[in-house]
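**Student:** The structure that follows is given in the form of structure tokens.
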Amino acid sequence: MKLVYVAGKFGDPSVFRRSANTLQALGWSGAIIRAGMGALCPHAALGPLHGEFPEKRAMAVCLEMLSRCDAVFLLPGWEDSRGSRKEVLFASKKGTPVFTDFVKLLEWAEETK
């Protein structure tokens, strides 16, 4: 089974925006799982711990999770996220496919079965 890392905006001073970002990530994670893949959603893993440790440590955890995934799916607006930009750079250096289009992610998953 392919494991897909879900990357997108998270950190924001507003709890409402963080919650909206997390809900968006969870929604896409559900779509990925329904499509037959696994989804690793850092929003779900780290969201409840927001602010409990330095951003640098959170990023290290995210990159470790990403390193175990087969692909990255970028959520709309990811470009506005410093963390997501770091994740894209990390994935690119590692040769991990990065997708912004869900249909292309599905096609890749089918082609690489």
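**Student:** Compactness ratio of the chain: Cα Rg over 2.2 N^0.38 Å, N = residue count? Don't skip to the answer; put the middle values down first.
**Tutor:** Details: Rg = 13.3 Å, N = 113, 2.2 N^0.38 = 13.3 Å.
The reported ratio for this selection is 1.00.
**Student:** Another question, if that's okay. If you place +1 on the Cβ of every Lys and Arg and -1 on the Cβ of every Asp and Glu, how big does the dipole about the Cα centre of the stretch 3-111 come out, in debye to the nearest 20?
**Tutor:** Its charge dipole is roughly 340 debye.
**Student:** Among PHE16, PHE53, PHE102, which residue has its Cα furthest toward the positive end of the charge dipole of the chain, with +1 on Lys/Arg Cβ and -1 on Asp/Glu Cβ?
**Tutor:** PHE53
**Student:** When the helix-only estimate is applied to the chain (DSSP H runs of n ≥ 4, each -39,500 (n - 2.57), divided by the residue count), what is the mean residue ellipticity at 222 nm, nearest 500 deg cm²/dmol? Walk me through the numbers before you get to the answer.
**Tutor:** Working: 5 runs with 61 residues, N = 113.
Only helices count here, giving -17000 deg cm²/dmol.
Readers should treat all values here as calculations from the given coordinates under stated rules, not as data from a laboratory. These numbers were taken from a predicted model, which means no experiment stands behind them. Here the Cβ is made from the backbone with ideal geometry for all residues, glycine too, and neighbour counts use every protein chain on show.
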